[in-house]
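Enquirer: One structure, as structure tokens, below. Some questions next.
The values are calculated or read from the model by the stated rules, or taken from the named source; none is laboratory data. Quick caveat: nothing in here was measured; it's all calculated off a predicted structure. For neighbour counting, all protein chains shown are included, and Cβ atoms are generated from backbone atoms with ideal geometry for every residue, glycine included. When the accessible area is computed, the model is the full protein with side chains, heavy atoms only, and any ligands, DNA or RNA have been set aside. Shrake-Rupley method; radii C 1.70, N 1.55, O 1.52, S 1.80 Å.
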Amino acid sequence: MTADAPDRYGVIGYPVLHSHSPVIHRLFALQTGQDMQYELLQVPPDKLTSAVRQFRRTGGRGLNVTVPHKAAVVALVDDLSERAESAGAVNTLTFGPDAVHGDNTDGVGLLRDLQNNLGLRLAGASVLVLGAGGATRGIVRPLLEAGLASLTIANRTVSRAEELRQRFARWGDVSACSFEDIDLSEPYDLVVNATSAGLKGETAPYPADAIGPSTCCYDLTYGLQPTPFCQWGAANGASRSVMGWGMLVEQAAESFYIWRGIRPDTQPVLKQLSVNAS
Ligand code: NAP
């Protein structure tokens, strides 16, 4: 690599070819005058370790980590930020000269979108999170710290939801259950889809009674057309159904700040993507 080659970053996941992160980071780099490039690394779980090591060995400066690698990549990190450690999941790797640093920007990204971009009030809210994978790990503590009344984690594999309930219980009122056992005594203020079902065009049997006329449905998965979860929310009378474009841009901005020490303005990028759908 020559001295004036752009600094290399990327996103590693499986699947990852749908990712809009390269466009977002290119826009951030243009906006802030940073000389960097951003690559897509489509890598299955059994090649994760070798792919991360090779990217670092060949001069890579940092990686975003996405589905399904966020928990597994923790084992490849020398030191973790407090938020990544409490999550047990990493979405941002930084390759220093002597160490690999792991951080997690998903929670701050989601909260900035919900509170700043969408104007949602989280204090006192009841929240249902569907899914208990790497993304859920990153968002539960920041949601609880925003002062929720309650947070329920429902997952296809109940033992994973229960593991997260135990992990996060010290930060607030968390319960865990299967999709069939969700408490439906009152509709939730916010229903967050953090499953990866939509990536495969699938849906799961979520109960419609979780939604009332003032419920906001928020899908971490995003697409050019409304996702199956957003369609489900709209069909069942949610006040709004929002895809996770805003979170994507906000968590990317936080990763960019970690890597480059400059905080990009997310609003023009959100506008340029023209996708702040609701
Ligand atoms: P992950 O670690 O692989 O976890 C996947 C989760 O989805 C698990 O809870 C899994 O349940 C569940 N699931 C998968 N297929 C399902 C199906 N057919 N029916 C019901 N549940 C199903 O993935 P992740 O990293 O948490 O990511 C989850 C989603 O969030 C992905 O679509 C990702 O792209 C998105 N995401 C978006 C942003 C953003 O910025 N907008 C940020 C982070 C993640 P089991 O435990 O039962 O297998």
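Enquirer: Pairs under 9 Å by beta carbon, first residue among the hydrophobic types (A, V, I, L, M, F, W, C) in region 65-77, partner open to solvent by 20 Å² or more (accessible area, probe 1.4 Å) and part of a loop (DSSP other than H, G, I, E, B), six or more apart or different chains?
Expert: Pairs found: Val67/Tyr14; Val67/Pro15; Val67/Gly133; Val67/Ser196; Ala71/Gly133; Val77/Ala99.
Yes/no per residue for (1) surrounded by 15 or more Cβ atoms within 10 Å (Cβ to Cβ); (2) within 16 Å of the ligand (Cβ to nearest atom); (3) of a type in the set (D, E, K, R); (4) under 23 Å from Gly244 (Cβ atoms):
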residue	(1), (2), (3), (4)
Gln34	yes, no, no, no
Ser50	no, no, no, no
Arg56	yes, no, yes, no
Arg61	yes, no, yes, no
Asn64	yes, yes, no, yes
Leu80	yes, no, no, no
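Enquirer: Additional query: Please work out which one of (1) out of contact with any Phe, Trp or Tyr (no Cβ under 7 Å at 6 or more places or on another chain); (2) assigned to a helix (DSSP H, G or I) is the condition Arg56 fails and give its number.
Expert: (1)
Enquirer: Here's a follow-up. Using beta carbons and a limit of 6 Å, which pairs, at least six apart or on different chains, have the first residue in region 116-135 and within 16 Å of the ligand (Cβ to nearest atom) and the second one open to solvent by 30 Å² or more (accessible area, probe 1.4 Å) and at pLDDT 95 or above?
Expert: Ala132/Arg160; Gly134/Ala71
Enquirer: If only one of Arg141, Arg160 is charged (D, E, K, R) and either under 15 Å from the mean Cα position of the chain (by Cα) or not in a helix (DSSP H, G or I) (or both), which one is it?
Expert: Numbers: Arg160 fails: either under 15 Å from the mean Cα position of the chain (by Cα) or not in a helix (DSSP H, G or I) (or both).
After applying the criteria, what remains is Arg141.
Enquirer: Something else about it: Of the residues Gly119, Gly212, only one is of a type outside the set (Val, Ile, Thr) and open to solvent by less than 40 Å² (accessible area, probe 1.4 Å); which? Talk me through it step by step, then tell me what you get.
Expert: On the way: Gly119 fails: open to solvent by less than 40 Å² (accessible area, probe 1.4 Å).
On inspection, the qualifying residue turns out to be Gly212.
Enquirer: Another question, then. Would you check if there is a residue in region 196-209 being open to solvent by 50 Å² or more (accessible area, probe 1.4 Å) and away from the ligand (no atom under 16 Å from the Cβ)?
Expert: As a first pass, look at region 196-209 and keep what is open to solvent by 50 Å² or more (accessible area, probe 1.4 Å): 199-203, 205, 209.
Retained after the next criterion (residues that are away from the ligand (no atom under 16 Å from the Cβ)): 209.
Checked against the condition, which is being open to solvent by 50 Å² or more (accessible area, probe 1.4 Å) and away from the ligand (no atom under 16 Å from the Cβ), region 196-209 yields at least one hit.
Enquirer: Now a separate question. What pairs come out if I take residues in region 35-55 that are on the phi > 0 side of the Ramachandran plot and pair them with residues that are open to solvent by 70 Å² or more (accessible area, probe 1.4 Å) whose C-beta lies under 6 Å away, six or more apart or interchain?
Expert: none
Enquirer: Another question about this same structure. Just one of the numbered conditions (1) in contact (Cβ under 8 Å) with a residue 40 or more places away in the chain; (2) surrounded by fewer than 19 Cβ atoms within 10 Å (Cβ to Cβ); (3) out of contact with any strand residue (DSSP E or B) (no Cβ under 6 Å at 6 or more places or on another chain) is not true of Phe179; which one?
Expert: Answer for Phe179: the failing condition is (3).
Enquirer: Identify the residue in region 98-113 that is touching a residue at least 60 places away in the same chain (Cβ under 8 Å) and under 16 Å from Gly134 (Cβ atoms) and, among all such residues, is farthest from the chain's Cα centre (by Cα).
Expert: Asp103
Enquirer: Please determine whether any residue of region 59-81 is at pLDDT 95 or above, assigned to a helix (DSSP H, G or I) and out of contact with any helix residue (DSSP H, G or I) (no Cβ under 9 Å at 6 or more places or on another chain).
Expert: The answer is no, given that none of the residues of region 59-81 is at pLDDT 95 or above, assigned to a helix (DSSP H, G or I) and out of contact with any helix residue (DSSP H, G or I) (no Cβ under 9 Å at 6 or more places or on another chain).
Enquirer: Confirm whether Ala125 is buried (at least 16 other Cβ atoms within 10 Å of the Cβ) and over 24 Å from Thr66 (Cβ atoms).
Expert: yes
Enquirer: Would you mind listing the helices (runs of 4 or more DSSP H) fully within region 218-278 where at least 1 residues are of a type in the set (Val, Ile, Thr), within 16 Å of the ligand (Cβ to nearest atom) and open to solvent by 40 Å² or more (accessible area, probe 1.4 Å)?
Expert: Details: elements: 228-235, 245-260, 266-273.
It comes to 245-260.
Enquirer: While we're on this one: State all residues of region 115-138 that are more than 22 Å from Ala208 (Cα to Cα) and either under 13 Å from the mean Cα position of the chain (by Cα) or acidic (Asp, Glu) (or both); if no residue qualifies, say none.
Expert: If the condition is that a residue be more than 22 Å from Ala208 (Cα to Cα) and either under 13 Å from the mean Cα position of the chain (by Cα) or acidic (Asp, Glu) (or both), then Gly133, Gly134, Ala135, Arg137, Gly138 are the ones that fit.
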